[in-house]
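Some notes on the structure that comes next.
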């Protein structure tokens, strides 16, 4: 196998790399014993840079184009090898191809929640993630600092290190920016620009350039998100007194549209009296101050307080019901003379016949017509 590789290398005089992957950063061209024939053709395509390395030292660097490897166009390598009068025999050098296109849609994110202090919510924990893009800008730095002798260097071999730079940079930016948690969603672009500016020097130390950085999402703990929702709800409600009046009006409408009778009708009537009293007080407060004396002289007397009773029906407590509802229930036979009733202020349950206000309703039917 070794002999075949040697003979094959001496026959081939074209050095090129056609990348069929999407994650290769650096590729070393395979040659038997690293021998390259004098006059070999080097093809460097767009999005590539070729580097000749001699005994661990970076020699010549080639931009995209077609090159014939001879002493005349390899000044650094020729100097390192000491070929004063040229050479005809194969020479030894490693050829590395660098992919200079952008590597996009790289993922970054916080593995653990970041603890930070917010001016409105105090100490909170948040998570963040996004994407970034980078490319090679300094092949010599990348080769000497990161790649070394790796013949097939991929993105996965450096992505963890780059991701750590993102996380560390985001922690500093989020703390130093002073942006409130409530305003983070509206400042993703600003955070991305600040983070890119802070991290780029670290990328340059690897021979790379951070070309794009996006903050896609910043999430908060569930309890904080719930608090934000509650705050938004209160903002939507606005004036609490106006909202209370609206709720009362809605309750009156629902009670009026309730098709059920009996206890439901009694409850609706009781609610109507109570809500009418509420509206009366609210409207009185809204009257202009210069009409207060005139209004007080012509205002009707206050609505009398409506009594409400709890009733034991079929062994279960029901109510409270106003007197109109109780009268209707007596007519339907739901309440009898021995039915237990109670209202606020009574020491204990009493039968309906013992309560004067209800006892009068029990005998509301006229007696038989005389002589019938």
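Every number in this text was worked out from the coordinates using simple rules, so none of it is lab data. No experiment lies behind these values; they were computed from the predicted model shown. Positions of Cβ are generated from backbone atoms using ideal geometry, with glycine treated the same way; all protein chains shown enter the neighbour counts.
Annotations
- Contour excess over end-to-end distance, with Cα ends at residue 159 and residue 353 and 0.36 nm allotted per residue: 61.1 nm
- Legend: ranking of residues 160, 138 from fewest to most surrounding C-beta atoms inside 10 Å; resulting order 160, 138.
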